[in-house]
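Here, each number is a calculation from the coordinates, and none is a lab measurement. All of these numbers come straight from a predicted model, not from anything done at the bench. With ideal geometry, Cβ positions are generated from the backbone for all residues, glycine too; neighbour counts draw on all protein chains shown.
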Amino acid sequence: MDKKRIVLCTSSGCLEYAPERYKNMGIEFLRICVFYGEPEKEYLEGLDLDPWHFFEYERTVKDPKNHLPHTSIPSRQLITDKFDELVERGYEEAFIITLSTGLGIMHDFVEGIAKEYEDKIKIYVIDTKITCFCEGMIAVKAQELVDKGVDTETILKELDWQIKHTYFLGVCGSLDYLIYNGRLRGGKAFMGKLLKVSPALHFSEDGHIESFASAIGIAKSSVIIANKVKELIGDRDEKDYCLFHIYTGEGSDKPLTVAEEAIGLKPNHEAVIASPVTGCHTGPEMAGYGLVLKRKEDEPLE
């Protein structure tokens with residue numbers, strides 16, 4: 001494959017919060033803005049935003065309902081400037097890995113602008129239907145395939161397979177931010193807070209985050225998602241999957257560790273702190289799993 005190609009990830013896909021080996025792969029970014037603080041300031045995800053500071057702010061801010069962090073997508077000008085830069089640098093193809101369309105308009109906005117560049121550079125905008133480091137791992141897969149010189153058609157098929165076999169499962173110790181942001185409403189919100197319900201969350205096939213089970217307390221919900229992860233892994237060898245914690249700061253993933261000891265489950269990848277973009281909606285008491293299955297030779301691509 002002689003074409004000059006590049007991989008970009010929206011926000012940061014947590015790649016800049018992940019182990020060092022992911023930071024020098026050549027993946028570039030279209031960064032989402034995060035607004036928070038007193039007074040409120042604007043930060044660029046993965047560039048000048050410290051996720052530890054962000055989640056500590058969520059934990060300690062007084063009256064969080066009236067001081068909610070929020071996000072915005074990059075401006076049209078920033079995106080066109082980046083596309084113009086790619087053209088000037090001689091790239092002929094770009095794979096842009098985006099967070100789920102179920103979480104906002106980023107994918108559709110970028111795709112609309114990309115169509116204006118069809119006579120200059122071929123841009124593939126790929127909806128991962130997920131977020132955080134799970135999104136980042138799909139960008140990593142794309143970069144590995146580009147580095148190997150795999151043809152574009154096969155790359156797109158491989159990424160489609162990977163998206164269908166990448167999972168996020170999480171729990172929230174507090175429903176406050178889910179309620180404040182309108183993710184949980186009405187009677188469910190009232191009864192959830194009254195009974196101290198902790199929902200078990202995952203991404204649906206169409207990329208929306210939703211509750212698939214619930215229990216009283218985060219400990220019991222953690223057992224639910226740990227068992228679900230074990231079910232998804234099935235009889236796969238450890239080399240055929242990647243399992244890691246996604247968490248919102250020191251100690252937030254302790255319930256997962258306790259659940260793992262109880263059912264015999266063990267991550268095989270370092271934990272990665274959650275994206276503040278996600279934390280704007282979930283709050284600071286979220287912990288979960290990222291599970292990335294690796295396609296085996298006997299598993300069909302299509």
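The table below lists the values:
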| read-out | value |
| --- | --- |
| Karplus 3J(HN,Hα) series, Hz, for the range 149-156 with 6.51 cos²θ - 1.76 cosθ + 1.60 (x for Gly, Pro) | x, 5, 5, 4, 4, 5, 4, 4 |
| Stretch gain in nm, segment residue 298-residue 153, where the contour uses 0.36 nm per residue and the Cα spacing is subtracted | 50.2 nm |
| The range 66-76 - phi-based ³J(HN,Hα) in whole Hz, Karplus 6.51/-1.76/1.60, Gly and Pro as x | 9, 9, 6, x, 8, 10, 8, 6, x, 5, 4 |
| Partners for residue 129 among lysines (Cα-Cα distance below 18 Å; same-chain residues under 8 apart left out) | 141, 157, 164, 294 |
| Ascending count of other beta-carbon atoms within 10 Å, so fewest first, for 6, 113 | 113, 6 |
| Long-range amide H partners of residue 7 with built H, under 5 Å | 28, 95 |
| Antiparallel content of DSSP bridges confined to the chain, in %, to 5 | 65 |
| Relative contact order of the chain, pairs being alpha-carbon contacts under 8 Å that are 6 or more residues apart, as % | 22 |
| Count of lysine pairs in the range 167-293 with Cα separation under 14 Å (8 or more residues apart, or interchain) | 8 |
| Burial ordering of 286, 106, 25, fewest other beta-carbon atoms within 10 Å first | 25, 106, 286 |
| For the range 167-293, average projected area of the Cα convex hull in nm² | 7.5 |
| Where labels lie 7 Å past Cα in the beta-carbon direction, separation of residue 115 and residue 4 in nm | 2.8 |
| Compactness relative to 2.2 N^0.38 Å, alpha carbon Rg of the chain | 1.00 |
| Helix axis angle, 132-147 relative to the chain longest principal axis, alpha carbon, degrees | 20 |
| Rounded to 10°, Cα long-axis angle of helix 254-263 versus longest principal axis of the chain | 90 |
| Protection-proxy order for peptides 37-45, 209-217, each taking the mean of Cβ atoms within 10 Å per residue, highest first | 209-217, 37-45 |
| Reachable lysines from residue 82, criterion Cα separation under 21 angstrom, eight or more residues apart if same chain | 3, 4, 23, 115, 120, 122 |
| Inter-part distance where the range 1-65 and the range 246-283 are each reduced to a Cα centre, Å | 18 |
| Residue order, fewest to most surrounding Cβ atoms within 10 angstrom, among 221, 11, 75 | 75, 221, 11 |
